[in-house]
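Here is the structure we will look at.
The values are calculated or read from the model by the stated rules, or taken from the named source; none is laboratory data. Here the structure is a predicted model, which is why all the values come from computation and not from measurement. Every residue, glycine as well, gets a Cβ built from its backbone with ideal geometry; the counts of neighbours run over all protein chains shown. For the accessible areas, the whole protein counts, side chains as well, though only heavy atoms, and no ligand, DNA or RNA atoms are used. Shrake-Rupley method; radii C 1.70, N 1.55, O 1.52, S 1.80 Å.
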Amino acid sequence: MRKKFIGSIAAVLSLSVCLSIVGCAGNSGNEEGDVPKLEIGSAELTDSPAWIEKAVSIPEYDKIDSMLFENGQSDYAIVIAADAAANTYTAASELNYFISLASGVSFSMLEADSATWSESAHYISIGDNAVSKAAGVTVLETLNSHGFVVRTVGESLFLQGVTSTGDIFAVYDLLSKVLGYEYYMDDEIAIAEADSLACPDFDYTDEPDIEYRSTQIGYQNGLVSTRYKTVSAKFMAPEGVSTWHNSLQYIPYNEYGTQYPEWFATDLQGLCLTAHGDTEKYEKLVETVGDKMRTVISNNPDGDTIAFTHMDVGTWCTCAECTDLKTKYGTDSASMIIFMNDVVDYVETWREETYPDRDNIRYLFFAYTATVQAPVKEENGTIVPIDEDVKFHDKLGVIYAPISSDFFHGKNEPQNSSYLKQMQEWHALAGENMYYWFYQSYFYNYFLFYNNFDSMQDNYRAAVDNGAVWMYDQSQYNNAASTGFQMLKVYLSSKLMWNVDADVSALTQNFFERYFKAASDTMYELFTGMRLNNLWMSESLGVSGWIGTRINTSEYFKLNTLLEWEALIEQAYEDIEPLKTSDPDAYQKVYDRINLESLSVRYLLIDLYGTQIYTTQELYDLKQQFKQDCADLNITRLSEGELITVLWSQWGI
């Protein structure tokens, strides 16, 4: 019987108290120009790497009576504008690369100005160019910036995005529909093998549900991020200033503190955005921040987003003016909104005159810690700003970052009812300028499994329902590799940010079968056990799904549970043993993937029970092997703020 995946977890939750786990048996995104241009005519055939999986069926699709290639030959040419953007060149390169992997065929390439359009022409046109114009192909203005059209006109195929980024996504979508292309990670890509391929008869558009989708872990960069279709907004900041938690970098105390002490909070942990009630000093602060933003805009011609955000602390200025505002509005976010409205107005007055064509720039602040609550009220059942002073400028947006939320559960569940209400309130203020920052790891310990698998879809849907234009689901952004099924999280997140109604069960099934191959059933059993253990902690022990909850204790991870998980790891190695002789490269790849997931289990056994169940020599050897495996697998951090060397020091190795 085929195993059931994430979508069926609810069917077994009621049984969790009977299972052994209870104890009786137990990153922000790539931009235009990040990749080099492929010169016209320079496409090369590439031998198929071992990690390309060709055991994929060619999907059924509507066809016309013309062949894109047949018996290793093609008279189709890729057509792009000579002055196309870097991403359009990348789209052409990616199309040729994957077609060559599937078939050995490489399309020739033409500059659009030298191509003559007719109904019988054999072109694959990418992006906006002279041929697409002659064929009358346009993209709907209602699509967002990463949307695209795929259309057959005559015997030619047109792939065109709203922007050049959309050109790339159109290519990936075409490959998926005609060759079963699927990107799981950089060394696991599926595509059908084909000697011949008919030209499709297509006419459709698509766009992501969340326009900008930021990367999550250190593994995602460059072309990897593009293939996951995770492309963020183009954030810009002054030189030497971070994208996030940057207010004291914009206005450093050592530069301004002596002359303008009113600009700083009473505890010096942030800025005083009212300048302690001094009107003249307040206006000067607005101008100083605004002037720096003006410089940023001038220095970043492609940038579209500026974030001015408070420091990573939970405190706020308590001067009389700030205290009065908090009393009036019920939240510290009011002073930030009022200040940002004035800054945006100052910058936009200049921008409209200096760069009138850059109307897409947005200015953001954090709804986070002290500012997480919106200054709103209800009138006749409608959420509205408390008064005109906290009504958003139309270019002002907010990054809603509910760090105290329970991400074991969705925003529509009782545990998160207050956070769903906050999302609705901020949406009422910011409209479509809603940016979401969610969390999916225990940042104090990267070896601990964090179960947001069962809430991810619900949370993303709630974000889309409440105006999401950008999403960053923060994970182990500074770790080169991650255990705890993080690669599955990356895959699912990239899929759900594009389509929040995607079939999570089917996606998970496909991932396990491709990623773990012969060990997929066993590894899925381990995955299910870890999720159920988190559920048991939550439902039976009342453990919060907050990312800061300390769970690395024997109370939450029973010895028998960990030993059962260890046995599943050993079974997974046995499952792939035949590959050692039939396909040594595939064996090593899957072995490393199992080994990566074993780290979470082995860490807990060593850390919680090591002195109880192992001899001194055994424990030492296990720690040394763990250390070696972390080095081989490129694990670089123990936590968000600690290198892996901290663990070796703790373990005395």
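Please tell me which of these pairs span more than 19 angstrom C-alpha to C-alpha: 411/558; 517/589; 377/411; 328/411; 517/558; 229/495?
Working: 411/558 29 Å; 517/589 10 Å; 377/411 21 Å; 328/411 29 Å; 517/558 29 Å; 229/495 8 Å.
Where the Cα-Cα span goes over 19 Å, the pairs concerned are 411/558; 377/411; 328/411; 517/558.
Were the residues from residue 629 through residue 318 laid out at 0.36 nm apart, the gain over their Cα-Cα distance would be 107.0 nm.
Positive end of the dipole of the chain (Cβ unit charges, origin at the Cα centre): among 120, 105, 399, the Cα lying farthest that way belongs to 399.
Here's the picture: charge each Lys and Arg Cβ at +1 and each Asp and Glu Cβ at -1 in the chain, and of 349, 410, 271 the one pushed furthest to the positive end of that dipole is 410. Length available on full extension from residue 203 to residue 65: 0.36 nm per residue minus the Cα-Cα distance, which gives 48.1 nm. For the stretch 585-597, putting each phi into the Karplus relation 6.51 cos²θ - 1.76 cosθ + 1.60 with θ = phi - 60° gives couplings of 5, 5, 4, 5, 4, 6, 4, 5, 5, 5, 4, 4, 6 Hz, in residue order, rounded to whole numbers and with x for Gly and Pro.
Largest first, the extents of the alpha carbon coordinates of the stretch 332-399 on the three principal axes equal 40, 28, 17 Å. Taking all protein chains together, 243, 616, 561, 295 sort by accessible area into 616, 295, 243, 561, largest first [probe 1.4 Å]. Under the simplified labelling scheme, the residue 421-residue 616 pair shows an inter-label distance of 5.9 nm, with each label point 7 Å from Cα along Cα→Cβ.
Bridges between two residues of the chain, per DSSP, are antiparallel at a rate of about 40%.
Between the amide H of residue 434 and those of 469, distances stay under 5 Å, these residues lying 5 or more places away or on another chain, with hydrogens modeled in the peptide plane. Counting only lysines at least 8 places from residue 63 when in the same chain, those with an alpha carbon closer than 19 Å to its own are 177.
Could you tell me what a quarter of the Cα convex hull surface of the chain works out to, in nm² with one decimal place? Walk me through the intermediate numbers first.
Numbers: hull surface 131.3 nm².
Projected over every direction and averaged, the Cα hull of the chain covers 32.8 nm².
All C-alpha to C-alpha distances of the stretch 53-211, sorted into 10 Å bins beginning at zero, yield P(r) values of 12, 43, 37, 8, 0 percent in whole numbers. Simple spin-label estimate for residue 221 and residue 359 gives 3.8 nm between the two label positions (7 Å along the Cα-to-Cβ direction from each Cα). Backbone amide hydrogens, once placed in the peptide plane, bring residue 196 within less than 5 Å of 71, excluding anything fewer than 5 places away on its chain. In straight-distance terms, cross-link reach from residue 284 covers every one of the aspartates and glutamates whose alpha-carbon lies under 16 Å from its own, apart from those fewer than eight places away in the same chain; here that gives 255, 262, 342, 345. Ordering 129, 430, 149 by Cα displacement along the dipole of the chain toward the positive end leaves 430 in first place; charges were set at the Cβ atoms of Lys, Arg (+1) and Asp, Glu (-1).
Straight-distance candidates among the aspartates and glutamates for linking to residue 627, with alpha-carbon spacing under 20 Å and chain neighbours fewer than 8 residues away dropped: 566, 570, 592, 597, 607, 618, 640, 642. Binning the alpha carbon pair distances of the stretch 511-653 at 10 angstrom intervals from zero yields the distribution 10, 35, 38, 15, 1, expressed in whole percent.
Restricting the calculation to alpha carbons of the stretch 103-169 gives Rg and Dmax of 12.1, 38 angstrom. Whole-Hz Karplus values for the stretch 260-267 come out as 10, x, 5, 6, 10, 5, 4, 9 Hz, taken residue by residue from phi with 6.51 cos²θ - 1.76 cosθ + 1.60 and θ = phi - 60°; glycine and proline positions read x. Here the chain is assigned +1 on the Cβ of each Lys and Arg and -1 on the Cβ of each Asp and Glu. Its dipole about the Cα centre then comes out at about 1660 debye. Scalar couplings 3J(HN,Hα) for the stretch 437-444, obtained by applying the Karplus form with A = 6.51, B = -1.76, C = 1.60 to θ = phi - 60°, are 10, 9, 9, 8, 8, 7, 6, 7 Hz; x denotes Gly and Pro. Using a simple spin-label model with pseudo-atoms 7 Å out from Cα toward Cβ, residue 506 and residue 582 lie 2.7 nm apart.
Identify the GluC sites (Glu not before Pro) of the stretch 57-121 meeting these criteria: DSSP loop state and at most 16 other C-beta atoms within 10 Å of the C-beta.
Counting only loop positions with at most 16 other Cβ atoms within 10 Å, the GluC sites (Glu not before Pro) in the stretch 57-121 are 60, 119.
Each 5 Å bin from 0 upward holds the following percent of the Cα-Cα pairs of the stretch 440-577: 2, 9, 17, 20, 21, 17, 9, 3, 1, 0.
Suppose the chain between residue 77 and residue 259 were pulled fully straight at 0.36 nm per residue; how much longer would it get relative to their current alpha carbon spacing?
On the way: separation 182, 0.36 × 182 = 65.52 nm, distance 6.50 nm.
Full extension from residue 77 to residue 259 adds 59.0 nm.
Given only helices, namely DSSP H runs of n ≥ 4 each adding -39500 (n - 2.57), what is the per-residue ellipticity at 222 nm of the chain, to the nearest 500 deg cm²/dmol? Don't skip to the end; give the middle numbers.
On the way: 20 runs with 257 residues, N = 653.
-12500 deg cm²/dmol, from helical runs alone.
In this structure the amide hydrogen of residue 366, modeled in the peptide plane, comes within under 5 Å of the amide hydrogens of 310, 399, none closer than 5 places in sequence on its chain.
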